Amino acid sequence: MKATLVESREIAPEVRHFTFEVSDLPELDFTPGQWVSISEIVRDKKTTRAYSLASAPSGNRFELCLNRVKEGLFSPWLFRLEPGESVSIKGPLGSFVPKLPFAESVLVATGTGIAPFRSFLQSPAVLDSHLPVTLLLGARYEESLLYRAEFEALERTRPGFRFLPTITRPSPAWQGRTGRVQAHIDSILGVRTDLDVYICGLRAMVDEVRSLLAARGFEKSRIIFEKYD
């Protein structure tokens, strides 16, 4: 399929939010948390990358959240795309989706690992469950807390939703949590092991959080994860 870029905008240093439209379809059907693959010829080489959808289904449009890898091959090319230009996609695919029936959950993300959780948190399966949901989002700097305003607004309007950002390199003005997401697992969970924990981000973080949960006695079925490298 061909997807046409509708808009791209910077949402943090070296991070852009993309909106695409699949004009050949009246509706692009997918489950929040899934991904699409994009394939194009870049520098005379066919390259394919998979990216999590950062939006819930909405007609024939979908959204992505991507960081630019300066020495990378594909992301700098995507960052140069102009509205009206098209890319080749396959999907949506993937099984990193909210379990049904949805249970009380903690979502743990760093960086652009927030993308599937933004999709989760726009979906009726999660929003209409009325169950407690905690989002623990890690970033280096305050300006790199992706979609911060959205999650703060959701915290004000959706009972049971908690947004817990944490910064590893805080400015003197920052008054919130500090350190890596791993450091906050114990304080968020207490002694509980009876909820689901979804984890998304780079391999090292995901593996460490999984190990922490396993040591606490979590069942494997309650630890759902996706790695970005």
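FYI, it's all coordinate maths here, none of it is from the lab. Please read all numbers here as calculations on a predicted model, not as lab measurements. Quick reminder, even Gly has a Cβ in these numbers, built from the backbone with ideal geometry, and neighbours come from all protein chains shown.
Which of the aspartates and glutamates could a cross-linker span from residue 90 if the Cα-Cα distance has to be under 12 Å and same-chain partners fewer than 8 positions apart are dropped?
Once the sequence-local aspartates and glutamates are set aside, what remains near residue 90 is 40.
How much mean residue ellipticity at 222 nm does the chain get from its helices, if each DSSP H run of length 4 or more adds -39500 (n - 2.57) and you divide by all residues, to the nearest 500 deg cm²/dmol?
For the chain, the value works out to -5000 deg cm²/dmol.
When the scattering of the chain is computed by the Debye formula from its Cα atoms alone, each counted once and equally, what is log10 I(q)/I(0) at q = 0.10 Å⁻¹?
Calculated log10 I(q)/I(0) at the listed q: -0.46.
Ranking 112, 4 by Cβ neighbours within 10 Å, fewest first, what do you get?
Listed from fewest to most nearby Cβ atoms, that is 4, 112.
For a 32 Å ceiling on Cα separation, which of these pairs sit above it: 70/99; 2/70; 70/227; 2/99?
70/99
Any chance you could give the angle, 0 to 90 degrees and rounded to 10, that helix 148-157 forms with the longest Cα principal axis of the chain?
50 degrees
Could you give the length gained by full extension between residue 220 and residue 180, i.e. 0.36 nm per residue of separation minus their alpha carbon distance, to one decimal place?
Net length gain for the segment: 12.1 nm.
I'd like the FRET efficiency for residue 71 and residue 207, computed as 1/(1 + (r/R0)^6) with the beta carbon distance as r and R0 of 30 Å, rounded to 0.05.
FRET efficiency, residue 71 to residue 207: 0.80.
Please give the FRET efficiency for residue 95 paired with residue 140, using the beta carbon to beta carbon distance and R0 = 25 Å, rounded to the nearest 0.05.
0.25
Once both axes come from the Cα atoms, what is the angle between helix 203-216 and the longest principal axis of the chain, in degrees from 0 to 90, rounded to 10?
30 degrees
Hey, with R₀ at 35 Å, roughly what FRET efficiency would residue 188 and residue 9 work out to, going by the Cβ-Cβ distance, to 0.05?
Approximately 0.65, to the nearest 0.05.
Would you list 181, 206, 69, 42 from fewest to most Cβ contacts within 10 Å?
69, 42, 206, 181
To the nearest 20 debye, what is the magnitude of the charge dipole of the chain about its Cα centre, counting +1 on the Cβ of each Lys and Arg and -1 on the Cβ of each Asp and Glu?
Approximately 560 debye in magnitude.
If neighbour count is taken as other Cβ atoms inside 10 Å, put 216, 80 in order from fewest to most.
Taking fewest neighbouring Cβ atoms as first place, the list is 80, 216.
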